[in-house]
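Here's the structure, in structure tokens; my notes come after.
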Amino acid sequence: MKLVVAVVQDKDSNFLQQALVDENYHATKLASTGGFLRSGNTTFIIGTEDHQVDALLELIKEHCHSRNQVISPISSLDANADGYMMHPVEVEVGGATVFVLDVDQFKHF
Ligand code: 2BA
């Protein structure tokens, strides 16, 4: 069994969630925050059988799109983040950042 952890953009999350339900994957959706942009994103954790992983990755790829995002210095700064990022920066975010982990045990009580 594998645990798939997928960080996706909020804009894609509802479509992906519906697709996961339609394809009978069991998933948990968590509100998360990107460490770099410090803006909201969505993390799905999905436990699935080994033979379903490739199809799941395709599903994630199909529903998550890359977008350019401009981060302004003001919105990115903490009050004490001295000198960090003085100019607007454009970054390409996504489609999805995905980790596939081996599951040692799965219990469902
Ligand atoms: P953020 O950390 O907010 O990063 C958003 C985007 O900013 C990244 O898109 C990347 O294009 C850029 N970026 C991130 N760190 C950077 C840095 N140190 N210097 C320059 N540019 C940087 P993605 O790579 O598509 O990542 C989207 C989100 O996925 C990330 O949001 C983070 O929440 C998660 N993520 C990405 N890589 C990860 C990793 N190795 N471990 C855990 N989470 C990760």
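Between residue 11 and residue 37, the distance separating the two model label sites (each 7 Å from Cα on the Cα→Cβ line) works out to 0.8 nm. If you take the alpha carbon atoms of the chain and fit the smallest convex hull around them, that volume is 124 Å³ per residue. The phi-based Karplus calculation (6.51 cos²θ - 1.76 cosθ + 1.60; θ = phi - 60°) puts the 3J(HN,Hα) values of the range 3-20 at 10, 9, 10, 10, 9, 10, 6, 3, 4, 9, 5, 5, 5, 5, 4, 5, 5, 5 Hz, whole numbers, x for Gly and Pro.
3J(HN,Hα) couplings calculated from phi for the range 48-53 with the Karplus curve 6.51 cos²θ - 1.76 cosθ + 1.60 (θ = phi - 60°) are, in sequence order, 8, 6, 3, 6, 9, 5 Hz; Gly and Pro show x. Extension gain, residue 55 to residue 67, is 2.0 nm, computed as 0.36 nm per intervening residue step minus the present C-alpha separation. Computed with every protein chain present, the accessible area of residue 22 is close to 100 Å² [probe 1.4 Å].
Between residue 29 and residue 107, the distance separating the two model label sites (each 7 Å from Cα on the Cα→Cβ line) works out to 2.9 nm. Solvent exposure of the chain, expressed per residue, is 68 Å² of accessible area, with all protein chains present and a 1.4 angstrom probe. For the range 56-64, the Karplus equation 6.51 cos²θ - 1.76 cosθ + 1.60, evaluated at θ = phi - 60°, returns couplings of 5, 4, 5, 4, 5, 4, 5, 9, 10 Hz by residue, with Gly and Pro reported as x.
The values are calculated or read from the model by the stated rules, or taken from the named source; none is laboratory data. Small disclaimer: the values here were computed from a predicted structure and weren't measured. All Cβ positions, even for glycine, are placed from backbone atoms using ideal geometry, and neighbour counts span all protein chains on display. Accessible surface areas use protein heavy atoms only, side chains included; no ligands, DNA or RNA. Shrake-Rupley method; radii C 1.70, N 1.55, O 1.52, S 1.80 Å.
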